[in-house]
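First the structure, in the form of structure tokens, and then the observations on it.
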Amino acid sequence: QVQLEESGGGLVQAGGSLRLSCAASGNIFRVSTMAWYRQALAKPRELVAEITRGGITKYADSVKDRFTISRNNARNMIWLQMDTLKPEDTAVYLCYAIGTQDVFGAQFNSWGQGTQVTVSS
């Protein structure tokens, strides 16, 4: 009932940049925390960055000072600006959101399908 759609992945050389977008739609009253996760081949899914509705951010140590997460509450969107990309950043990047669907507080948590980011050396 709540869909997340990512875009912006692709192939880039090491040292380059990409910007990912994620839009939430569907039966939404309020989106609270939104986040980007990634999953590399044969590795567990890991948190890359998250942002609360109030704009508080959290980053994985491996991406601090290189990635920046931002959001627009009115549009239920987040972005991930990825700079100085490294081959080890290669993964499927997934958008995640939690929130409520009505005034009574019915909660949702949803995942996007993911977008592939490949960084060549």
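The values are calculated or read from the model by the stated rules, or taken from the named source; none is laboratory data. These numbers come from a predicted model, not from an experiment. Note: ideal-geometry Cβ built from the backbone for every residue, glycine included; neighbour counts use all protein chains shown. Accessible surface is based on the protein model in full, side chains and every heavy atom, while ligands, DNA and RNA are left aside. Shrake-Rupley method; radii C 1.70, N 1.55, O 1.52, S 1.80 Å.
A few points about this structure:
- Karplus (6.51, -1.76, 1.60) ³J(HN,Hα), θ = phi - 60°, over the range 40-54, in Hz, Gly and Pro reported as x: 8, 4, 6, 10, x, 5, 10, 6, 9, 7, 9, 9, 7, 4, x
- Residue (of Pro87, Met77, Phe67) at the positive-pole extreme of the chain, dipole from beta-carbon charges: Met77
- Taking the Cα centre of the chain as reference, the dipole from Cβ charges on Lys and Arg (+1) and Asp and Glu (-1) amounts to some 140 debye.
- Per-residue extension of 0.36 nm, minus the Cα-Cα distance of Asn27 and Leu41, leaves a gain of 1.8 nm for this segment.
- Two-site FRET efficiency, Ala106 against Ser7, from Cβ-Cβ distance with R₀ of 30 Å, rounded to 0.05: 0.60
- Whole-percent carbon and sulfur share, accessible surface of the chain, 1.4 Å: 48
- Heavy atoms of Lys43 accessible to a 1.4 Å probe, total area in Å² rounded to 10: 130
- Taking every protein chain into account, the accessible area of the chain amounts to 54 square angstrom per residue (probe 1.4 Å).
- Estimated from the Cβ-Cβ distance and a Förster radius of 25 angstrom, the FRET efficiency linking Gln113 and Arg19 is about 0.85.
- Think of the range 1-74 as having a plus end and a minus end, set by charges on the Cβ of Lys, Arg, Asp and Glu; of Gly55, Ala35, Gly9, Gly55 sits farthest toward the positive end of this dipole.
- Relative contact order, whole percent, for the chain stands at 37, derived from Cα pairs under 8 Å and 6 or more residues apart.
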